[in-house]
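See below for the structure under consideration.
The values are calculated or read from the model by the stated rules, or taken from the named source; none is laboratory data. Since we're looking at a predicted model, the values are computed, not measured. All Cβ positions, glycine included, derive from the backbone under ideal geometry; neighbour counts span all protein chains shown. SASA here: full protein model, heavy atoms, side chains in, ligands and nucleic acids out. Shrake-Rupley method; radii C 1.70, N 1.55, O 1.52, S 1.80 Å.
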Amino acid sequence: VSAAYSVTTAVADTTPDAFAFPAVVGAVPGEPQTSAAITVTGINQPAPITISAGGSYSIDGAAFTASPGTIGNGQTVAVRFNAPDAFVSTGSVTLSIGGVSGSFSVTTRGRDTVAVVFSFNSASGVNPGTVQTSNSVIVQGINAPSPISVSGGRYSINGGAFVSTPGVVNDGDSVIVQVIASSAFSTPVTAVLDIGGVSAGFTVTTRAADVQPDLFAFVPVVDAAPAALLTSNTIIVSGIEAAVAITVSGGQYSVNGAPFTAAAGTVSAGDTVVVQLTASSSGGTAALATLTIGSGADQRSAAFTVTTAGSSG
């Protein structure tokens, strides 16, 4: 009695199951992009592996390479290449294993030139006509050069020269604004900076004018003739930065040589003022005229006193 047996040899299979790499969307232009790893299945012996130009692959986490090689069943592979340099652009590389190919595509993100909202601190109480510089703001939220412009002032990027002409800024740039304060007191001026359609104002307000005059005084007159019309020494108005009120009681005043008046008026720094009054008709009697410059808590007053000769009896 005899028995027979046979051995079946497996046929070599280097054609893997179909595979694909998930696409990437919103990538940063020009930056390296690595795919998710896929697992090779459907082969029973190592299969040849290649990558198209510009790409590289890594088997089981090893170093990336662009050279042809082989890969076995159950091994993993990932691919890598640089995203396109342009915005909203798609690029891809193709990996081939045993004649089966799969592509990895990458689409770059869109251009964003609209900056994150920013603001400047205001400045107040500054001297008229002075140059004022804002706090620094950092440009954020853009991924491409963004237009920058200013109205009513100048700007500086990253400590550079101040300019008033339009330009461009990049994400992370530092910008400050400069403006010349108004030549008038208690007056605001605003420079408006615009970055990619987002704007903010830098407002500078001048201080209030000093309206409290310096102290002044009149020299008293004694031994005046009764009923005589007497004029005081001249005082010069000082210490104020704007016109203020002037009034008199008991006499009249003259500003800068103008006709004497008892009506209320105004004076400015540098004006000259004299006071006039009529002496008492009685001997040994004082008469006075009080001049007031300024108003409220800022006013200053002084009396011009005239005393007649003789006794009051």
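Assorted remarks:
- Cα-based convex hull volume of the range 141-211 per residue, rounded to whole Å³: 90
- Debye log10 I(q)/I(0) at q = 0.11 Å⁻¹ for the range 1-135, Cα point scatterers: -0.55
- Inter-part distance where the range 156-172 and the range 228-248 are each reduced to a Cα centre, Å: 53
- 3J(HN,Hα) from dihedral phi, the range 76-93, Karplus parametrisation 6.51/-1.76/1.60, rounded to Hz, x for glycine, proline: 9, 9, 10, 10, 8, 6, 7, 4, x, 6, 8, 6, 6, 9, 10, x, 7, 10
- Cα-centre dipole for the range 54-199 with unit charges at Cβ (Lys and Arg positive, Asp and Glu negative), debye to 20: 80
- On the basis of the beta-carbon distance and an R0 of 41 Å, SER164 and ASP85 show a calculated FRET efficiency of 0.80.
- Between the C-alpha center of the range 261-295 and that of the range 17-81 there is a gap of 101 Å.
- Ranked by the mean number of other Cβ atoms within 10 Å of their residues, highest first, the peptides 156-164, 113-121 come out as 113-121, 156-164.
- 3J(HN,Hα) couplings calculated from phi for the range 236-249 with the Karplus curve 6.51 cos²θ - 1.76 cosθ + 1.60 (θ = phi - 60°) are, in sequence order, 10, 5, 8, x, 10, 10, 8, 5, 10, 6, 9, 9, 9, 10 Hz; Gly and Pro show x.
- The chain - percent of accessible surface contributed by carbon and sulfur, probe 1.4 Å: 53
- Amide H partners (placed H, <5 Å) of ASP13, local residues excluded: ASN44, GLN45
- Amide H within-cut-off set for PHE81, under 5 Å, with H built and near neighbours excluded: GLN33
- For the range 196-269: span of alpha carbons on each principal axis (Å, largest first): 82, 21, 19
- For the range 61-70, 3J(HN,Hα) computed residue by residue from phi via the Karplus equation (6.51, -1.76, 1.60; θ = phi - 60°) reads x, 6, 4, 6, 9, 9, 7, x, x, 9 Hz, glycine and proline entered as x.
- Over the chain: Rg over Rh, Cα atoms, Kirkwood Rh: 1.60
- Other-chain or far-sequence residues with amide H under 5 Å of VAL169's (modelled H): SER146, ILE148
- Per residue value of the accessible surface for the chain (all protein chains in place, 1.4 Å probe), Å²: 51
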